[in-house]
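Chemist: Handing you this structure, nothing more for now.
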Amino acid sequence: MKKIGVVLAGCGHQDGAEIHEATLTLLFLDQAGVEWTAFAPNQNQHHVLNHGSGKEMAESRNVLVESARIARGKIQDLTEAKAEDLDAVIFPGGFGAAKNLIDWAFKGPESTVHPEVERLITQMHKAGKPQGFICIAPVIAARVMANLGVNAQLTIGTDQGTSEAIESLGHTAKACAVDEIWTDETNKLVSTAAYMLGPGIADIAKGIEKLVRQVVSLA
């Protein structure tokens, strides 16, 4: 049975993993008949936001603990994720992906990737194993691939500013609709825009299902 890792960034689209994107990913993996394991870094979130008001809250939350809410406890510290144990890996989006897995939300192309995230993506790439990136998560791939000196093809949907930032790192940003995916066959990178375009869960489900199917097929 194929083994797929899913890397989460917390719980909630404003400061963690986007719950719809993460849940749909797990659903389609389950329907594909593969074994999945969720991972998350064991560290505090960059910050905590009230998802009703959007205002910052004076508290701290752990990314791994919060991600366990989505995974129903079936989760491991990201340090346990190894390329030799996985056939593929998928990164759902949410602003937490751009805040907790990379600081792109604050530094853009000059951002730094979480060391364990960069390690896993690099290991998977060097092993020739497929990786999926949803919503804003393709910026993580863009930064890591640039660090490796690799030119990649990724989609962020049709967001011009983010597309230009990705291209500034030496990559090609492909415009795609919400129900489409882009596959960089050379680097085995699959991406879809999801809530970068929206507008709703039924819309993003189409692209995420295609991404999961493609990642599983390439594994």
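Chemist: Quick one: ASP103 ticks every box in (1) touching a His at 6+ places or on another chain (Cβ under 8 Å); (2) without any contact (Cβ under 8 Å) to a residue 40 or more places away in the chain; (3) among the charged types (D, E, K, R) except a single one, so which number is it?
Modeler: Going through the list (1) touching a His at 6+ places or on another chain (Cβ under 8 Å); (2) without any contact (Cβ under 8 Å) to a residue 40 or more places away in the chain; (3) among the charged types (D, E, K, R), ASP103 breaks only (2).
Chemist: If you don't mind, another one. Checking the conditions here, which among ALA177, ALA141 is modelled with pLDDT of 95 or more, not in a loop (DSSP other than H, G, I, E, B) and not polar (S, T, N, Q)? Outline the logic, then answer.
Modeler: On the way: ALA177 fails: not in a loop (DSSP other than H, G, I, E, B).
The conditions single out ALA141.
Chemist: Hey, another quick one. State whether the residues of segment 29-37 include one that is open to solvent by less than 10 Å² (accessible area, probe 1.4 Å) and among the small types (Gly, Ala, Ser). Walk me through how you get there before you give the answer.
Modeler: Keep residues of segment 29-37 that are open to solvent by less than 10 Å² (accessible area, probe 1.4 Å), which gives 29.
This time we only want the ones that are among the small types (Gly, Ala, Ser), so: none.
Scanning segment 29-37, I find no residue that is open to solvent by less than 10 Å² (accessible area, probe 1.4 Å) and among the small types (Gly, Ala, Ser), so the answer is no.
Chemist: Answer yes or no as to whether ILE201 is β-branched (Val, Ile, Thr) and open to solvent by 30 Å² or more (accessible area, probe 1.4 Å). Walk me through how you get there before you give the answer.
Modeler: Values: β-branched (Val, Ile, Thr): yes; open to solvent by 30 Å² or more (accessible area, probe 1.4 Å): yes.
Here the answer is yes, as ILE201 does meet what is asked.
Chemist: Across segment 125-178, what is the total count of residues that are open to solvent by 40 Å² or more (accessible area, probe 1.4 Å), free of Cβ contacts under 8 Å to residues at least 40 places away in the same chain and within 25 Å of ASP87 (Cα to Cα)?
Modeler: Adding up the residues that qualify gives 5.
Chemist: Conditions: (1) touching a Pro at 6+ places or on another chain (Cβ under 8 Å); (2) of a type in the set (A, V, I, L, M); (3) in a helix (DSSP H, G or I). ALA202 meets all but one. Number of the miss?
Modeler: (1)
Chemist: Let me ask something else. Of all residues in segment 1-28, how many are touching a Ser or Thr at 6+ places or on another chain (Cβ under 8 Å) and either open to solvent by 20 Å² or more (accessible area, probe 1.4 Å) or farther than 15 Å from ILE70 by Cα (or both)?
Modeler: Here is the first cut: in segment 1-28, the ones touching a Ser or Thr at 6+ places or on another chain (Cβ under 8 Å) are 3-6, 8-11, 16-17.
The next check asks that each one be either open to solvent by 20 Å² or more (accessible area, probe 1.4 Å) or farther than 15 Å from ILE70 by Cα (or both); those that pass are 3-4, 11.
The total comes to 3.
Chemist: Considering segment 38-62 alone, what residues qualify as being crowded, with 20+ Cβ neighbours inside 10 Å and touching a Leu at 6+ places or on another chain (Cβ under 6 Å)?
Modeler: ALA38, PHE39, ALA40, PRO41
The values are calculated or read from the model by the stated rules, or taken from the named source; none is laboratory data. Just so we're clear, the structure is a prediction, and the values are computed from it rather than from any experiment. Note that we place each Cβ from the backbone using ideal geometry, even for glycine, and neighbour counts take in every protein chain shown. These area figures cover heavy atoms from the full protein model, side chains too; ligands, DNA and RNA do not enter into them. Shrake-Rupley method; radii C 1.70, N 1.55, O 1.52, S 1.80 Å.
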